[in-house]
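Have a look at the structure below, then the notes.
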Amino acid sequence: MHAPHFIGIGGAGMSGLAKILAVRGARVSGSDSKDSETVQALRALGAAVAVGHAAENLPAGVSSVVVSSAIRADNPELAAARERGIPVVHRSDALAALMGGRRALAVAGTHGKTTTTSMLAVSLGELGLEPSYAIGGDLDAPGSNAHHGAGEIFVAEADESDRSFHKYAPEVAIVLNVELDHHANYASMDEIHESFETFVGRIVPGGTLVVSADQEGARELTSRVRGRDGLRVVTYGEAEDADVRVLAVKPHGMTSEVTVRLDGTELTFTVSVPGRHYAHNAVAALAAGVALGVPAADLAKALGAYTGVKRRLQLKGEAGGVQVIDSYAHHPTEMTADLEAIREAAEGRVLVVFQPHLFSRTQQLSEEMGQALALADASVVLDIYPAREDPVPGVTSELIIDAARRAGADVRAEHVFADAPAVLAALARPGDLVLTMGAGDVTNLGPEIVSRLAGVAPSA
């Protein structure tokens, strides 16, 4: 890894690894399909980044080529690496190598990973422990998704989508939830449970699994792994049998006050993001930090320093008495949780512009997505963001719209992406809250909606 080349270096996972390696002194190069603030932040650290993919982007002396599962086999840089005999390394193997020699804490689950990893990174840093971390989203600025710290702890998001989390060997692992998703890679819930069991089996002897006591899939996982030699299991949640019991979650606008019982002691602390599911993420982070030996009272207080991560209920702006907030939610459970959280915080109506992510996910979960959108007062649904997938015949956003209408939702389609800001601005009135929702480029609409609400003409 002394001279790695990253294909798709601007991606959330790839850019973090590139940053850590650059800070550690590696000669980092890479390419991405477009320029971005993240790419510019990497260049500022000395990385040589090309825009566009071409064989000639591979510099002389490259020691390895790092790819993610999103890189297609016919990528010209990947093909050139294989022709030249340059080792091709998956992103997960690179991350596993970076975690070597550190006390690794890996955060897994169908959703909530980025938030929980971020909470740990911020709170452990607040306590002066100087952790290294790799997160799937930026904390407060481009390039803040990763950090090389001087401390012994390394906190990382562990991705189950392609089974790459099987590469890690953490001292402490968090499993927030286990649900059916990533349909291109998993055919059934049993396959997903088997995959999470394999991940748990990678915890080092004497290590700890922190797992939800409330979520059905997580409880099933606990029943499968409890009693394994060398594994300590700590459950958290509102269930009466939880080891770390959530006693109360009191909403206060865009924050929550959480009370837990841990080792017979009650602790109350503030979570500076709204919603019960974010409060539970904070409790998971608390339990994991305690498993690493961090004093519970200190960590609970430090968790209050976390103020959010980009795209997780992030305020994009306000104009005309209307707030515009961005949400990365793309799985029905995430959509429901964020809409419930926003409903608690909103004074007026909740309006959503939703962009479905992946044809496979839409095909499998359109009914549940539609039901989630029924929690909004009105929704606009965009065309599917394909990401790495090719279209599937008959699978369009109309499946979600039909399901939403069956659930009683006020929903309409918008097939022209650029027209969405004007549509939302026309719908909104003072006191409303607009939520841009999805894992694709719907996030780019927030500032344009704010401009429209403010009466500013769109840029050419």
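Quick look at the numbers
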quantity: Every residue from segment 182-197 that is touching a Lys or Arg at 6+ places or on another chain (Cβ under 8 Å), open to solvent by 20 Å² or more (accessible area, probe 1.4 Å) and more than 16 Å from His331 (Cβ to Cβ); calculated: Glu197
quantity: Qualifying residue in segment 269-280 (condition: among the charged types (D, E, K, R), part of a strand (DSSP E or B) and modelled with pLDDT under 95); calculated: no
quantity: Every pair of residues 6+ apart whose Cβ atoms lie under 6 Å, when the first sits in segment 69-90 and is over 17 Å from Asp162 (Cα atoms) while the second is of a type outside the set (A, V, I, L, M, F, W, C); calculated: Asn75/His53; Pro76/His53; Glu77/His53; Glu77/Asn57; Pro87/Ser64
quantity: Within segment 339-352, tally of residues that are in contact with a Ser or Thr (Cβ under 7 Å, 6 or more places away or on another chain) and open to solvent by 10 Å² or more (accessible area, probe 1.4 Å); calculated: 0
quantity: Conditions (1) touching a helix residue (DSSP H, G or I) at 6+ places or on another chain (Cβ under 8 Å); (2) open to solvent by 20 Å² or more (accessible area, probe 1.4 Å); number of the one not met by Val380; calculated: (2)
quantity: Matching residues, segment 334-357, being of a type in the set (A, V, I, L, M) and in a helix (DSSP H, G or I); calculated: Met335, Ala337, Leu339, Ala341, Ile342, Ala345
quantity: Count of segment 251-268 residues which are open to solvent by 60 Å² or more (accessible area, probe 1.4 Å), in a loop (DSSP other than H, G, I, E, B) and either modelled with pLDDT of 95 or more or over 20 Å from Val172 (Cβ atoms) (or both); calculated: 2
quantity: Options Leu17, Leu21, Leu42; residue that is touching a strand residue (DSSP E or B) at 6+ places or on another chain (Cβ under 8 Å) and more than 20 Å from Ala60 (Cα to Cα); calculated: Leu17
quantity: Restricting segment 357-371 to residues that are open to solvent by less than 10 Å² (accessible area, probe 1.4 Å) and touching a His at 6+ places or on another chain (Cβ under 9 Å), the residue that is nearest to Ala403 (Cα to Cα); calculated: Met369
quantity: Segment 250-261 - residue that is in contact with an Asp or Glu (Cβ under 8 Å, 6 or more places away or on another chain) and touching a residue at least 24 places away in the same chain (Cβ under 8 Å) and, of those, nearest to Ala296 (Cα to Cα); calculated: Val260
quantity: Any chance Leu209 is in contact (Cβ under 8 Å) with a residue 24 or more places away in the chain, aliphatic (A, V, I, L, M), within 17 Å of Ala284 (Cβ to Cβ) and in a helix (DSSP H, G or I); calculated: no
quantity: Residue check, Glu389 without any contact (Cβ under 8 Å) to a residue 60 or more places away in the chain and surrounded by fewer than 20 Cβ atoms within 10 Å (Cβ to Cβ); calculated: no
quantity: Among residues of segment 97-108, those that are at pLDDT below 95 and either at positive phi or under 19 Å from the mean Cα position of the chain (by Cα) (or both), counted; calculated: 1
quantity: Pairs with Cβ under 7 Å, 6+ apart, first in segment 314-325 and open to solvent by 50 Å² or more (accessible area, probe 1.4 Å), second of a type in the set (S, T, N, Q); calculated: Leu315/Gln323
quantity: Residue identified as at pLDDT 95 or above and more than 25 Å from Ile153 (Cα to Cα) among Arg219, Arg232; calculated: Arg219
quantity: Count of segment 224-237 residues which are crowded, with 18+ Cβ neighbours inside 10 Å and assigned to a loop (DSSP other than H, G, I, E, B); calculated: 0
quantity: Residue match in segment 71-86 (condition: at pLDDT 95 or above, assigned to a loop (DSSP other than H, G, I, E, B) and within 22 Å of Ile20 (Cβ to Cβ)); calculated: yes
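The values are calculated or read from the model by the stated rules, or taken from the named source; none is laboratory data. Computed from a prediction, not measured in an experiment: that's the story for all the values here. Glycine also receives a Cβ, built like all others from the backbone with ideal geometry; neighbour counts cover every protein chain displayed. SASA here: full protein model, heavy atoms, side chains in, ligands and nucleic acids out. Shrake-Rupley method; radii C 1.70, N 1.55, O 1.52, S 1.80 Å.
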